[in-house]
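The values are calculated or read from the model by the stated rules, or taken from the named source; none is laboratory data. Small disclaimer: the values here were computed from a predicted structure and weren't measured. All Cβ positions, glycine included, derive from the backbone under ideal geometry; neighbour counts span all protein chains shown. Remember, those area values only see protein heavy atoms, side chains included, never the ligands or the DNA or RNA. Shrake-Rupley method; radii C 1.70, N 1.55, O 1.52, S 1.80 Å.
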Amino acid sequence: MKRPDVLFRKIVSREGAYAWVGWFLMPFGWLYGLIVSIRRKLYESGKRQLHLPVTLLSVGNIEVGGTGKTPVTIWLANRIAGMGYNVSVVARNFGKRTRACRVRLDNDDVRSNFTDEVLLLAESLLGKCSVYAGRSKSEAAMKAYRGEKPDIIIVDDGFQHLQLFRDIELLVLDFASPFGQGGILPSGTLREFPTVISKADHIWINRIPTGMSAEWIKRRVSDYNWKAPVQFSRIEHTGVRFINGKSLPDIPSKTVFAFCGIGKPESFRNSLEEAGIRLEGLEAFPDHHLYSEGDIDQLKGIMERTGASALITTAKDAVKLYGIPDTGDILVQTMNLEVEGAVTELMNDIQNSIVAYRRKMNKKPGKVIE
């Protein structure tokens, strides 16, 4: 029997006989979209939203699966913290730890208590920003405000979290499928009707392949939202390291076998091939997969059978491998975002909001962006 995530990908791509399933589910998608639209209007009336006395920046998307919003959140948090502001990041946690708290990496149970995205945020922003996570993002945001008194709270995957009032909505679209695939859930990947793009204050088109332009997406987006400034980013390969922290001076000279548990595994394959890393194959686990010793033994068996010299995975998957025996020699691709477009407009909007809140709270004005 096929895994649910594999079946879903076949349905949304209308592959073979699964096309009939996708078409059958389309009316349910329209109904779901209508319910979501009504829910959004009820919350945006303002009466049911929680207002915190601090700038809230939401980084989200309209599509299930990976659009690369968490790397965008990390990039923004680093950029804003580098300007001298106190930044807290809030994310939803599906691990064992249900109550909202600050994420600390010095706990032995951290791998089972928190999900991969939360761990990646905490590891990437260690010493720069605080990260709070829980089942409820609203509770996590309140704890972050009370515990840190930040200048800004960034809500990861916050576009549909309507319980919190957001000062700035940043919508991340994936270059490969900016308007989803197959329609609205459950027949497709969209969480809402694409007209909701009009709600965004800024739009970020992510994962643009090398040598390609996203101007066509920008023109299509303008049909829904012509006011929002647009940022663009490409995935930039920065190197390869081991799980144990040691770095490699260059990319592997021999073939490797890749594995990952992310929303769009093909994006990982593409990033490796663009970097010149030769693959024997790719094993795709379900998104947010929690790895076991058995998984690692299985992967090492495949590596030996295919003749690959090593295993390689993503930084998001690497945080879930800490503590598992015999994983120190697994390779991790390290990446950064190369960002262009209306970045100055976004940073100015963020600064203006922070300054406005500081004045309300009788704080001194913030640092001016050059």
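The table that follows gives values for the structure above.
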{"quantity": "Every residue from region 18-54 that is out of contact with any Leu (no Cβ under 9 Å at 6 or more places or on another chain) and either among the hydroxyl-bearing types (Ser, Thr, Tyr) or open to solvent by 80 Å² or more (accessible area, probe 1.4 Å) (or both)", "calculated": "Trp20, Trp23, Phe24, Trp30, Leu31, Leu34, Ile35, Ser37, Ile38, Lys41, Ser45, Lys47"}
{"quantity": "Cross-chain or 6+ apart pairs with Cβ under 9 Å, region 32-49 first and more than 22 Å from Thr189 (Cα to Cα), then at pLDDT 95 or above and assigned to a helix (DSSP H, G or I)", "calculated": "Glu44/Lys199"}
{"quantity": "Arg241 being over 20 Å from the mean Cα position of the chain (by Cα), assigned to a helix (DSSP H, G or I) and not hydroxyl-bearing (Ser, Thr, Tyr)", "calculated": "no"}
{"quantity": "Residue check for Lys227: without any contact (Cβ under 8 Å) to a residue 24 or more places away in the chain, of a type in the set (Lys, Arg) and under 26 Å from Leu42 (Cβ atoms)", "calculated": "yes"}
{"quantity": "Residue under evaluation Val54, criteria (1) modelled with pLDDT under 95; (2) under 18 Å from Gln163 (Cβ atoms); (3) touching a helix residue (DSSP H, G or I) at 6+ places or on another chain (Cβ under 6 Å), criterion not met", "calculated": "(1)"}
{"quantity": "Region 333-358, subset of a type in the set (A, V, I, L, M) and open to solvent by 40 Å² or more (accessible area, probe 1.4 Å), residue nearest to Ile153 (Cα to Cα)", "calculated": "Ala356"}
{"quantity": "Output for region 268-326, where each listed residue is of a type in the set (A, V, I, L, M, F, W, C), part of a helix (DSSP H, G or I) and over 28 Å from Phe94 (Cβ atoms)", "calculated": "Met303"}
{"quantity": "Test result for Leu7, open to solvent by 80 Å² or more (accessible area, probe 1.4 Å), without any contact (Cβ under 8 Å) to a residue 24 or more places away in the chain and out of contact with any strand residue (DSSP E or B) (no Cβ under 6 Å at 6 or more places or on another chain)", "calculated": "no"}
{"quantity": "Yes/no for Pro53 being of a type outside the set (Val, Ile, Thr) and either assigned to a helix (DSSP H, G or I) or under 17 Å from the mean Cα position of the chain (by Cα) (or both)", "calculated": "no"}
{"quantity": "Any chance Glu148 is modelled with pLDDT under 95 and of a type in the set (Asp, Glu)", "calculated": "no"}
{"quantity": "In region 66-85, residue nearest to Leu346 (Cα to Cα) [restricted to those that are open to solvent by 30 Å² or more (accessible area, probe 1.4 Å) and in contact with a Lys or Arg (Cβ under 7 Å, 6 or more places away or on another chain)]", "calculated": "Asn78"}
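Let's see how each residue does on (1) more than 30 Å from Met26 (Cα to Cα); (2) open to solvent by less than 10 Å² (accessible area, probe 1.4 Å):
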residue: Arg102; (1), (2): yes, no
residue: Thr115; (1), (2): yes, no
residue: Ala133; (1), (2): yes, yes
residue: Ser138; (1), (2): yes, no
residue: Ser177; (1), (2): no, no
